[in-house]
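The values are calculated or read from the model by the stated rules, or taken from the named source; none is laboratory data. The structure displayed is predicted, hence computed values, not measured ones. We place every Cβ from the backbone using ideal geometry, glycine too, and count neighbours over all the protein chains shown. Protein only, heavy atoms only, side chains kept; ligands, DNA and RNA dropped before computing areas. Shrake-Rupley method; radii C 1.70, N 1.55, O 1.52, S 1.80 Å.
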Amino acid sequence: MPTVSNEEAKAAVQDRSGVEAAPGRITRMVDNDFFHAFLRSKITVIAACGTLTLFLLAFLAPWIAPHDPFDLASISIMDARVPPVWMDYSDPRFVLGTDDQGRDLLSGIFYGMRISLIVGFCSVVAAAVIGITLGLVAGYMGGRIDAIIMRIADVQLTFPAILIALLIDGIAHGIFGSLDRNVFAFYILIVALALSFWVQYARTVRSSTMVEKSKEYVQAARVIGLPSVIIMARHILPNVMGPVMVIATINLALAIVTEATLSFLGVGMPPTQPSLGTLIAIGNDFLYSGEWWIAIFPGVALALLVLNVNLLGDWLRDALNPKLR
C-alpha cells in the first residue's frame, strides 16, 4: 500500500464523504437528468400524484373524514349495511355506505389507510435500521461475524415473510397474551413486519460495503486513525444508501400488503382499530349476501395505494441504475 500522509488522507476522506462533497453529489444528480427523467415519465408523475393524494387523505383523516369511525357515541347499529348513495335505500350521510357496525365506509377507508401507512412506514424504518446495521457490520468486519449474520439471513430467506410475521405474532401473543390485544397489536405488528424484511437490506448493504471498504477514501480514514464505527457511519453509509432507498420504497408496498394479509387473517389490527385489511376481512363475511361494498371499496383503496407505491419504486430503481437510464 503506498505511503499516505495524514494531510492527504484527511483531504481524501473529506472529498469523498465529507460535508464539502454533498453539493457535488446533488449537482451530479441534477446533471444526470434525475428529475428530468421523473418529469418525462407520465406514468411515474401520475403515480406520484396518486400516492401524494392517498397520503394526504390518510393523514388528514381526522379533519376531512365525514365521520369518526372510532367514536362509539356517533355510531348507530341502525345504520348498519347502508348501501352507497347511488343505490336504493341509501343515506346521503354515507357516500360509500356503511359496514356491519354502522360506521361510515368512506371515513373508515381514510382512517384504515392511515393505520396501514403508519404500520408500513414504521416497519420499513425498523427493518432498514436492523438490516443496514447488520449489513455494515458484516461487510466491513468480515470473517466469523459476517458468516454468522449471513447464515441467519439465509435461513430466514427459506421462509416466506408472511410466515415469519405469523410466527413472531404468535410468539408475542403467547408471551403477552394476558395484556390487552387492542393496545399492543399495533406494536407487535410493526415488530413482526420489521423482523420479516430486514434480510434484503442486510444483504444489499453488505455487498456494497465490501466494495466500498477497499476504496482509497476508506483506507485513508483508517490511516488517520478513525474508529471503525465512524468509518462505517460517516463514510461508507452515505455511499450505499442508493439501493437502500429503492428497497425501502418497494418494501413499503410489501409491508402494507403483508399487514393487510395479517389483519385479514385476524392476527393484525383489531376491528376496533380497523386497517384496510381489517375492513376487507369484515366485508368478506357479507360479500355474497349483497353487501359487496363493505369489502370492495377498501380493497380498491388498498390496490390503488400499493400500485402507486410500486410504480414509484420501479421508477426509482431504474433511475438509480446507470445501465437502465
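Some points to look at:
- Conditions (1) open to solvent by 20 Å² or more (accessible area, probe 1.4 Å); (2) at pLDDT 90 or above; (3) aromatic (Phe, Trp, Tyr): number failed by residue 70: (2)
- Residue 80 fulfils the conditions (1) at pLDDT 80 or above; (2) open to solvent by 100 Å² or more (accessible area, probe 1.4 Å) except for a single criterion, (2).
- Considering the stretch 117-167, the residues that are surrounded by 14 or more Cβ atoms within 10 Å (Cβ to Cβ) and aromatic (Phe, Trp, Tyr) include one that is farthest from residue 209 (Cα to Cα), namely 121.
- Selection of the stretch 209-230 for residues being within 31 Å of the chain's Cα centre (by Cα) and more than 14 Å from residue 142 (Cβ to Cβ) yields 229, 230.
- Segments classed as helices (runs of 4 or more DSSP H), wholly inside the stretch 169-278, with at least 3 members that are in contact (Cβ under 8 Å) with a residue 40 or more places away in the chain and among the basic types (Lys, Arg): 181-212
- Identity of the residue in the stretch 66-89, out of contact with any Gly (no Cβ under 7 Å at 6 or more places or on another chain) and among the hydroxyl-bearing types (Ser, Thr, Tyr), that ends up farthest from residue 274 (Cα to Cα): 89
- Every listed requirement among (1) of a type outside the set (Lys, Arg); (2) open to solvent by 70 Å² or more (accessible area, probe 1.4 Å); (3) modelled with pLDDT under 75; (4) under 33 Å from the mean Cα position of the chain (by Cα) is met by residue 2 save one, (4).
- Test: residue in the stretch 98-110 that is in contact with a Phe, Trp or Tyr (Cβ under 7 Å, 6 or more places away or on another chain), of a type in the set (Gly, Ala, Ser) and either buried (at least 21 other Cβ atoms within 10 Å of the Cβ) or at pLDDT 90 or above (or both): no
- First in the stretch 62-90 and without any contact (Cβ under 8 Å) to a residue 40 or more places away in the chain and in a loop (DSSP other than H, G, I, E, B), second anywhere and surrounded by 11 or more Cβ atoms within 10 Å (Cβ to Cβ) and among the basic types (Lys, Arg), Cβ under 7 Å, 6 or more apart: 75/103
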